């Protein structure tokens with residue numbers, strides 16, 4: 001334990017040192033590093049895949065599931081995806097140094113707010129090794145040093161990826177310690193990380209609810225967290241039912257295993273009879289299991305019975321809870337009670353109801369007449385994302401480059417003093 | 001303990017309920033409540049002062065210092081100050097509902113970012129009872145419910161102030177539980193508050209470093225913290241020395257007991273001989289004790305010797321540490337090492353040095369040619385402040401109405417689905 005503590009503390013201390021240098025790195029140098037890393041990822045594919053093979057061999061030996069092994073694999077496609085991702089981040093505007101606004105005070109002081117890096121960010125994540133490069137790219141572009149702690153099953157892959165990033169840093173004269181992977185799979189390393197508030201400014205956990213709760217409860221450092229996505233589509237009595245059908249199906253089946261997929265469908269009683277039997281056929285065709293309230297089951301005989309747990313469930317699967325509500329108020333109450341502040345959609349043609357939904361629903365992304373699947377940094381136009389925050393401090397919703405910065409005040413004076 | 005837990009949890013639960021109603025309260029109603037509270041504070045002065053007298057009697061009995069008793073007193077002037085403060089907050093723009101920006105995606109989606117309240121804020125503070133009204137006013141205007149936990153020596157005053165605010169809430173049809181004071185002085189109440197992350201979104205501690213550390217280390221809820229203000233004025237070799245003198249004196253003596261007062265003066269070696277003996281006379285005239293580095297003491301014979309602790313010290317008193325630095329780099333290193341990320345000023349006539357200081361110094365407010373005393377919400381034009389954050393997550397620097405909000409994404413669609 002003492003050894004791990006020394007190791008991790010030393011990494012964090014170096015990250016802090018590097019972060020001070022990053023503050024004044026030009027956009028040009030940062031972009032050069034990102035493009036150079038992309039180039040080297042492609043060039044050193046053989047090396048990466050050989051290191052990855054060590055992790056895969058161990059995973060197979062341990063009998064990990066095919067799905068997990070798939071996520072762990074650095075295929076040609078995954079490597080190309082990481083390289084392209086870095087090129088896209090290089091093309092995004094640099095948030096650092098942006099003066100968001102500036103105003104003049106009666107005494108002549110000019111006051112502005114300037115974006116600056118947060119400092120040192122620690123990412124704690126699970127299996128996919130591509131997160132190593134995606135997170136490092138975003139943190140670096142926004143001027144932050146990053147400490148990466150991936151899943152133990154990907155340790156060789158992660159170290160190899162970081163090495164490539166560090167070579168690009170070195171060759172551009174940027175501090176190598178801007179990107180570091182914790183070189184041990186010992187779990188104690190996470191506990192140490194969470195106490196180093198002297199060196200680390202932010203922790204971003206990415207993974208299952210268990211990981212996120214553990215980090216939140218044990219961290220002394222602020223945590224940006226994404227709990228779960230229990231997303232609703234509410235089909236209002238004034239909905240265009242054809243549109244509602246398209247949106248509901250897309251929200252559920254286009255990619256059911258992700259956090260912005262719909263988990264519960266709410267249908268206004270006045271349109272339930274017309275809407276539910278039809279959309280149920282769509283769901284059946286896509287192999288979706290329905291779990292309905294009593295009214296739903298009257299209209300869709302094959303739906304299973306929903307229990308209280310179903311309203312809370314994040315299935316991440318081809319399962320959908322369905323509830324008929326007597327009024328929009330009840331839809332709003334249901335969402336306030338069971339929603340996870342992630343993504344909520346109303347389908348309606350009524351202006352006032354659309355506006356009310358937008359204003360009153362408390363979720364990181366609130367939509368009218370669009371699929372919940374659009375809650376994504378890329379889809380919303382932020383360029384890339386490092387996660388989705390479902391709590392309101394610092395960031396709410398998809399977090400991209402801007403969310404990895406803070407704003408300091410700058411003041412231009414001419415000798416003003418306070419009377 | 002179980003009783004306290006039930007009491008505090010119930011308060012927090014009610015605050016959460018109230019916060020949902022506050023989201024859709026119109027600006028008009030909010031301002032009416034603020035103005036009505038101001039009116040009642042003036043009208044019920046006798047009641048307030050009678051309740052305050054209970055606290056004062058107890059304080060005298062316990063032998064509290066005159067300074068503490070002064071801070072505890074609800075004088076006519078303090079009451080008028082609270083009432084005016086509320087009127088000023090009523091006059092500020094309502095941040096809630098502001099759509100900060102909006103853009104259109106290639107698929108026609110309109111995406112915007114809208115300010116919303118954070119939810120429930122708990123303030124934990126020490127003696128001054130006027131914080132009760134100041135904090136309640138800002139939280140309420142920004143649509144947040146607030147739970148107030150003041151010093152035990154002010155309990156009767158705080159309860160009386162909250163009662164007046166609640167009467168104004170009730171008479172305007174707003175939820176009374178928007179403003180609640182914890183009605184016990186039991187210390188266990190704070191420990192309970194810090195665990196209620198289900199109901200409370202943000203903790204703001206205001207007080208000594210001990211209180212803030214305790215809250216930070218024990219809270220499961222995000223904390224906006226203001227540690228200490230070790231603020232520097234760096235007098236560059238290209239400074240206008242007359243201006244430097246004015247700024248240095250103002251920064252130290254205009255109000256030495258506050259966090260944005262200067263604690264250490266850094267002087268470039270090339271101007272030390274000309275500047276220090278002169279400014280030292282100013283400080284002497286104001287009764288300031290100087291603690292200098294060896295070079296300073298060669299120039300100012302009566303300065304005491306500074307030790308390592310002096311560079312870290314937040315004196316909050318008529319004491320000043322003084323150091324001669326051989327270069328701007330060393331001034332920057334000194335600030336990076338000993339500064340508290342609060343307020344830093346350079347005095348210089350050199351354009352490049354001014355810009356470098358603004359860019360490189362990591363502090364919530366970085367200034368050129370102005371007194372550190374301007375780090376204040378009112379002085380910087382934010383209208384009012386609830387504290388000054390010296391950490392970068394969520395807010396950095398003075399926190400006013402905007403900092404008490406989050407931004408959600410709103411999306412206007414026309415049936416878009418994700419391909």
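Summary of computed values
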quantity	calculated
Qualifying positions in region A:368-394 - surrounded by 24 or more Cβ atoms within 10 Å (Cβ to Cβ), in contact with a helix residue (DSSP H, G or I) (Cβ under 7 Å, 6 or more places away or on another chain) and modelled with pLDDT under 95	A:386
Scan of region B:206-241 for residues that are within 20 Å of the chain's Cα centre (by Cα), touching a residue at least 40 places away in the same chain (Cβ under 8 Å) and surrounded by fewer than 20 Cβ atoms within 10 Å (Cβ to Cβ), ordered by number	B:207, B:208, B:211, B:227, B:228
Candidates B:251, B:331, filtered to the one that is more than 13 Å from chain A (Cβ to nearest Cβ), under 24 Å from residue A:408 (Cβ atoms) and surrounded by 18 or more Cβ atoms within 10 Å (Cβ to Cβ)	B:331
Flag for residue A:98 being assigned by TED's automatic domain parsing to the domain that holds residue A:199, modelled with pLDDT of 95 or more and surrounded by fewer than 19 Cβ atoms within 10 Å (Cβ to Cβ)	yes
Residue within region B:317-327 that is more than 11 Å from chain A (Cβ to nearest Cβ), out of contact with any helix residue (DSSP H, G or I) (no Cβ under 9 Å at 6 or more places or on another chain) and under 27 Å from residue B:256 (Cβ atoms) present	yes
Output for region B:349-372, where each listed residue is in contact with a strand residue (DSSP E or B) (Cβ under 6 Å, 6 or more places away or on another chain) and assigned to a loop (DSSP other than H, G, I, E, B)	B:361, B:363, B:364
Conditions (1) surrounded by fewer than 18 Cβ atoms within 10 Å (Cβ to Cβ); (2) modelled with pLDDT of 95 or more; (3) not in a helix (DSSP H, G or I): number failed by residue B:278	(3)
Residue that is away from every other protein chain (no Cβ under 12 Å) and under 24 Å from residue B:86 (Cα atoms), where the choices are B:155, B:212	B:155
Single match in B:347, B:365, B:411, B:361 (criterion: facing another protein chain (nearest Cβ under 10 Å), surrounded by 23 or more Cβ atoms within 10 Å (Cβ to Cβ) and within 30 Å of residue A:354 (Cβ to Cβ))	B:411
So residue A:179, is it surrounded by fewer than 24 Cβ atoms within 10 Å (Cβ to Cβ), touching a helix residue (DSSP H, G or I) at 6+ places or on another chain (Cβ under 6 Å) and more than 13 Å from every other protein chain (Cβ to nearest Cβ)	no
Failed condition for residue B:93, given (1) closer than 30 Å to residue B:411 by Cα; (2) away from chain A (no Cβ under 14 Å)	(2)
Residue satisfying condition, being touching a helix residue (DSSP H, G or I) at 6+ places or on another chain (Cβ under 6 Å) and either under 29 Å from residue A:58 (Cα atoms) or surrounded by 17 or more Cβ atoms within 10 Å (Cβ to Cβ) (or both), within set A:168, A:244, A:162	A:168
Qualifying residue in region A:61-69 (condition: assigned to a helix (DSSP H, G or I), modelled with pLDDT of 95 or more, surrounded by 15 or more Cβ atoms within 10 Å (Cβ to Cβ) and away from chain B (no Cβ under 14 Å))	no
Some residue of region B:105-116 being under 24 Å from the mean Cα position of the chain (by Cα), at pLDDT 95 or above and within 14 Å of another protein chain (Cβ to nearest Cβ)	yes
Within region B:373-408, considering residues that are at the interface with chain A (Cβ under 9 Å from one of its Cβ atoms) and not in a loop (DSSP other than H, G, I, E, B), the one nearest to the chain's Cα centre (by Cα)	B:398
Any hit, region A:132-143, residues being modelled with pLDDT of 95 or more, closer than 25 Å to residue A:59 by Cα, over 20 Å from the mean Cα position of the chain (by Cα) and in the same structural domain as residue A:22 (by TED's automatic domain parsing)	no
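Let's see how each residue does on (1) assigned to a helix (DSSP H, G or I); (2) in contact with a strand residue (DSSP E or B) (Cβ under 7 Å, 6 or more places away or on another chain); (3) at pLDDT 95 or above:
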residue	(1), (2), (3)
A:9	yes, no, yes
A:12	yes, yes, yes
A:21	yes, no, no
A:35	yes, no, yes
A:41	yes, no, yes
A:46	yes, no, yes
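The values are calculated or read from the model by the stated rules, or taken from the named source; none is laboratory data. Keep in mind it's a predicted model, so treat the numbers as computed, not measured. Ideal geometry is used to build each Cβ from the backbone, glycine not excepted, and the neighbour counts take in all protein chains shown.
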